[in-house]
Each structure stands twice: as structure tokens, then as C-alpha cells.
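All remarks here apply to the structure that follows.
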Amino acid sequence: AKRDGRNRFHFFSGEIRAGLLARQQLMSDLRAALDGQQFRLHYQPKVDLDQGRVTGVEALLRWPQPDGTFRPPLDFIPLAEETGLIVPIGAWALREACRQTREWTAAGLGPLSVAVNVSPAQFSAPDFTAQVQQALRDTGLPPQQLELELTEGLLLHDIPLAQGVLTTLRELGVQTSIDDFGTGFASLSYLKRLPVSGLKIDQSFVQDLGAADTAIVQAILTISGALNLSVIAEGVETAAQAQHLLKLRCSRMQGYLFARPLPPADLPAWHRAWRAP
Ligand code: C2E
Ligand code: CA
Ligand code: CA
Ligand code: CA
């Protein structure tokens, strides 16, 4: 038994060492990517099928690799979050999204809002709202065109802090929405204490829209109507899903049915060509 234990110890320590090395490698690659300005943003359109127009885009981080592929965000964002590197990466993404959207607006594309994903470490940094203001000032993007996507976990982690930050953002005129809404474990009562402007219904509720999903989506729509929150459904992939959502009176959608996240060079042509179905 003793020898078993020792063998197991050796086995695990080798594994742990390999894991640590992989993490260290990823960290230094991330740093190099940030310093070398290798990150890119792709933009996924959001549409309103009642209004028949494109309402905005969501900026999604892309990390190009030497072989031409992109390393998926969920591959590296957790470690970037853990180590704090997400703070400068997120600051870059915020500024770049504002700059790009201001450029599109100046070129006559729009009105278009841009949504930027904010990580917990970024949101809780003491200078977060100053960073937002600075990005708006430097790029000249009107605050009304900026939306920040926040997760339930981030908001509930420290409610007084979240209330303060959200209030400042609201005073600035910046929109805020709760991402992946419905997947958290929290009760809905916290919604009335958090001054956000909208909810994004998580794609897991949109995929098959069976009886239970439909009931949940209806409940989300009812509560957002009562609290005067905007609602968008994400992950819409099929015409049947879009039709079902329209029947439930949810007309704002985002998903592969309309467009994948696009490199910025491709957005203007897509936008001009798009017609509501
Ligand atoms: P998210 O914010 O929930 O973004 C939606 C994800 O769903 C994106 O994946 C998007 O490409 C994908 N998606 C869009 N439409 C569809 C669809 O119709 N079907 C399916 N199956 N998926 C769809 P992506 O780009 O891989 O991003 C994954 C996550 O990484 C994001 O989830 C977000 O949490 C995080 N992320 C991305 N960019 C940033 C960023 O700049 N900062 C931070 N903090 N997180 C980011
Ligand atoms: Ca998002
Ligand atoms: Ca989401
Ligand atoms: Ca998600």
C-alpha cells in the first residue's frame, strides 16, 4: 500500500509539473500576444426582427495563431482572469471596440451599438469606470453606443460594489446587460437592486425551446417587461427558433442564423446586404 501511495505521488507530481509548465507557457504566450498587439476582435451582429434592423454588434476576442487558426477565448480567458492579465487585455478590447465603432459610425454605418464583455477582475478594479470614460473620451464614441456585458456571478459577488459601478455607468449613459441570463443560481430578486439596462437570454434556453425552456423564456420576458429591461436572445441558429421567439414577443436576437462573429473588414458589407427575413 505504501509503495502504491508513493507511485501515485510520483504519477501526480509529474502531471502537476506538466500542468504548471503548460500554464507558464500559456501565460508567457498571452503576455507576448498582448505586447505584440496580436489580439483581434470579431463582431457578431445583433438584430431586431420587429424593427427590421441591425441594432448593434458584440465584440468577441480572437487570438490568431501562426497556423491561421484562432485559439478559442474559453481556452485562455480563465487563466488570464486568474492571473490578472485579463485586465490589460480587457482594457485593450474596450478601447479597440469603441474605436472601431466610432469609425463605422463616421462612415455612415449605423446607428450601431457595440457590446464589450467585461470580466470580473476588470469590473472590480477600482479604476474601471474611469477606464470606460477614458476609452469613450479618447475615441469619441457616444456613451449611448457602448454596452457592457456582465455576468450574474460578477454582479452578485459583491452587490454593493456592483450597485456603485452600475450607477456610475448609468449616469455616464453607458448600457449594461446581464450575459448568459438564467444560467446562474441566484434568485431573481436581486434584479431590482442592480441598475442594469438589459438581459441576454442564454443560448441554452434557445436551442430546443421545449415546454420548460419556453416557460423560462416567457418568465424572463415578463420580468424584464415589468422592470423595463431590454431583452435579447443569443445563440439563435435556426429559422424555427427565431419564429418561436417572435411568437413569444422576443424580437431581438443574435446567432449564427444571422451571422457568425465577423472580422471587422467584413461587417460593413454584411450590414448593407442584410434584410430582415
Ligand atoms: P459569450 O459572451 O456568451 O459569447 C457568445 C459565444 O457564443 C461566442 O463564443 C459566440 O461566438 C458564440 N455564438 C454566437 N452565436 C452562436 C450560435 O448561434 N450558436 C452557438 N453555438 N454559439 C454562438 P466565443 O467567441 O468563443 O466566446 C466565448 C466566451 O468567451 C464568451 O461567451 C465570453 O464569455 C468570452 N469572451 C469573448 N470575448 C471576450 C472579451 O473580450 N472579454 C472577456 N472578458 N470575455 C470574452
Ligand atoms: Ca457576451
Ligand atoms: Ca452570452
Ligand atoms: Ca457564455
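Points to keep in mind about this one:
- Part-to-part distance (alpha-carbon centres) for segment 31-73 and segment 187-238, which is given in Å: 24 Å
- Take the Cβ atoms of residue 240 and residue 109, set R0 to 35 Å, and the FRET efficiency comes out at 0.70.
- Projected label points at residue 248 and residue 131, each 7 Å from Cα along the beta carbon direction, are separated by 3.3 nanometres.
- The stretch between residue 37 and residue 75, if pulled fully straight at 0.36 nm per residue, gains 11.8 nm over its current Cα-Cα span.
- Each peptide among 88-99, 19-30, 200-211 gets the average number of other Cβ atoms lying within 10 Å of its residues, and from highest to lowest they stand as 88-99, 200-211, 19-30.
- Contour excess over end-to-end distance, with Cα ends at residue 144 and residue 24 and 0.36 nm allotted per residue: 39.2 nm
- Segment residue 48-residue 257, length gained on full extension (0.36 nm per residue, minus Cα span): 73.9 nm
- The label point for residue 266 and the one for residue 158, both projected 7 Å from the Cα toward the Cβ, are 3.9 nm apart.
- Take the Cα of residue 275, step 7 Å toward its Cβ, do the same at residue 212, and the gap between the two points is 4.1 nm.
- Of 20, 116, 52, farthest towards positive along the dipole that unit charges on Lys, Arg, Asp, Glu beta carbons give segment 6-160: 20
- Sequence-distant residues sharing a close amide H with residue 262 (under 5 Å, placed H): 43, 44
- Between residue 168 and residue 226, the FRET efficiency from the beta-carbon distance, with R0 = 30 Å, is close to 0.75.
Any read-out appearing in this document is the output of simple, stated calculations on the displayed coordinates, not a laboratory observation. Here the structure is a predicted model, which is why all the values come from computation and not from measurement. Counting neighbours? That spans all protein chains shown, and the Cβs are built from the backbone with ideal geometry, glycine included.
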